[in-house]
Amino acid sequence: MSLFIISHLTFQEAARRKILLAALLLGLLFLIVFGLGYHFIIQGLEKDLGSSGLLQLNEARNFLLMAGMYVVNFLVVMMTVLTSVDTLSGEISSGTIHTLVAKPIQRWEILMGKWLGFAGMITLYVLLMGGGIMMFVYLRSGYSVPHPLHALELIWLNALILLAVSLLGGSKLSTLANGVLVFGLYGVAFIGGWIEQIGGFLPDQTASQVATNIGIITSLFMPSEALWKRAAHEIQSPVAAALGFTPFSAGSYPSLVMIIYSILFLLVVLGLAVRFFDQRDL
Amino acid sequence: MSPDSLAIETHGLCKAFGEKVAVQDLTLSVDRGEVFGFLGPNGAGKTTSVKMLLDLVSPSGGEGFLFGVPLTDSTIRKRIGFLPEHFRFHDWLKAEEFLALHADLYHIPKVNARKRISELLDLVGLTPHSQKKLREFSKGMLQRIGLAQALLNHPELVILDEPTSGLDPVGRRLVRDIIHDLREKGTTVFLNSHLLSEVEVTCDRVAFIKRGEVIQISSLQSLVEGETSVEVRAEPLLPEIVNGLTKWSQNVRVDGGHLFFTLDSEKNIPEINQYLVEHGVEVFSIHPQHVSLEDLFIQIVGTDGGL
């Protein structure tokens, strides 16, 4: 099927352009730095707290893992957008796409083939990075977070959405404009999420409600920050959850409805991307 | 799809990009097995027309068919080969991989593809470079690999968009030879070019396009058979003898030992030769020259180039 030829081509291109190698090496470096930091911090705490401080130790483990996952989520977002932002617009502007489209292939197969190819890479990257630090913590301390797989799935879903938005932009805009669009939307969702989070602590009910609404509305435009908050909720310790606030997660977290909305959002964005690319004069 | 449908048939295809009309009323019919030249100055809408034929650009109006199948039906492109202008390809692929990719896209079974790829690499003279990345290719080599790519599927119709622009004489010769081979095999060729000498030696019929409009379609035969200019080297060219030539031509000119005149038909040349010999003129050479396509192009399109 032509779709899989394009997926394979997308993968092959990333491999040939040394993108996969760079991501792998820097990913390993990230894991080493995290591992060293984690090891020595926990070792120090183990000495100080002794066997009586298991609760505090687990909180520290959770906190460090949460910090690691926060960075992983950020890196996944970056990698997703940077690798995919040029794939359509670049081939359109250079004319490389002409020989592809002039074959017995439908445009949606090209777009979905690319999406699938990048989605495959993202999957591996999420597993390597997120799975890597969780695995390290488990092997080092025998500690695991409440719902590790849920968290990885949500980070993954977030990346798949950004990938779809990046392809949607690429079907209409130049590479630079597309980059501005995707990171711009991500930034809006990001600040919206923080406003909601900080607003949650305001004593004034009205102000707090406004802040919450801002957060909800921005997450409807781009659910990426909401998905991270839900992922953070899945990995945070029950104690931190009871306290209601850590630097990396929120007291309130998005419901299951938000996740369903995100999946629908992904489908709609992909549908629009196919439609726009289909109508595009090349 | 009927077996005798035309290779290309369009009715009133047009394309506007916003206010700018790139193509208006493109009505063409190209027979199977024909080598068809599409001529016009830069910016006349040639590339946009080609892109509409391949569904790269969707027309603002009109309709078109390849072998009786609507342009928008992607399955028809299984039978088409296309070489885009500028020859921009996935340059991180090796030559052989590039052809394998496009063979896959044509759904050619792997075993057949391997054989076809080595045949084509041979044809375009790139066998020694099959393991080189396209990034390392010169423009001429890219054109060759692009041509090979357009022939992978033994196409019934090959569309070449400015296949020789910016190429050295060897590259142009290759394109010409390939077009000749295709004609022999009965393949239809649609050649979009502004290099008239190319068209002159390869095409059966030509369409002239200016400001997005087809202004004339003629067979090359009828175009060049029309007027013939003749140069004769002979002596002595006495005025009374020269005057006698006005029977055949109104514009006779003498320049040194050379006689120049134009004829409506080549058929009069033997008569003229006989006339000269009978009047004691020694004829060293008679050189009939057809009006070049370039002259015709200027006549039809105008010197402003349609700008």
| query | Restricting attention to the range B:188-209, does a residue exist that is buried (at least 22 other Cβ atoms within 10 Å of the Cβ), farther than 17 Å from residue B:46 by Cβ and modelled with pLDDT of 90 or more? | reply | yes
| If you check every pair at least six apart or on different chains, which have Cβ atoms under 8 Å apart with a residue in the range B:248-273 that is outside any loop (DSSP other than H, G, I, E, B) first and a residue that is of a type in the set (Gly, Ala, Ser) second? | B:259/B:234; B:260/B:229; B:261/B:229; B:261/B:249; B:262/B:229; B:262/B:249; B:263/B:229; B:263/B:249
| Looking at (1) out of contact with any helix residue (DSSP H, G or I) (no Cβ under 7 Å at 6 or more places or on another chain); (2) in contact (Cβ under 8 Å) with a residue 40 or more places away in the chain; (3) crowded, with 19+ Cβ neighbours inside 10 Å; (4) within 8 Å of another protein chain (Cβ to nearest Cβ), which is the one condition that is false for residue B:77? | (2)
| said: Any residue that is open to solvent by 20 Å² or more (accessible area, probe 1.4 Å), β-branched (Val, Ile, Thr), at pLDDT below 90 and within 25 Å of residue A:131 (Cα to Cα) - is there at least one of those in the range A:230-241? | reply: yes
| Hey, among the residues in the range B:86-115 that are crowded, with 19+ Cβ neighbours inside 10 Å and in contact with an Asp or Glu (Cβ under 8 Å, 6 or more places away or on another chain), which one's nearest to the other protein chains (Cβ to nearest Cβ)? | B:90
| message | Pairs needed: first member in the range A:93-113, more than 7 Å from chain B (Cβ to nearest Cβ); second member anywhere, among the aromatic types (Phe, Trp, Tyr); C-beta distance under 7 Å; at least 6 residues apart or different chains. | response | A:107/A:277; A:111/A:277; A:113/A:4
| query | Looking only at the range A:19-48, which residues are more than 17 Å from residue A:63 (Cα to Cα) and among the hydrophobic types (A, V, I, L, M, F, W, C)? | reply | A:19, A:20, A:21, A:22, A:23, A:24, A:25, A:26, A:28, A:29, A:30, A:32
| said: Residues that are among the hydrophobic types (A, V, I, L, M, F, W, C) and over 28 Å from residue B:79 (Cβ atoms): list the strands (runs of 3 or more DSSP E) wholly contained in the range B:163-236 that include at least 3 such residues. | reply: B:228-235
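The values are calculated or read from the model by the stated rules, or taken from the named source; none is laboratory data. Every value quoted in this text rests on a predicted model; they were computed, and no experiment measured them. Backbone-built Cβ (ideal geometry, glycine too); neighbour counts: all protein chains shown. Heavy atoms of the whole protein, side chains included, go into the accessibility calculation; ligands, DNA and RNA do not. Shrake-Rupley method; radii C 1.70, N 1.55, O 1.52, S 1.80 Å.
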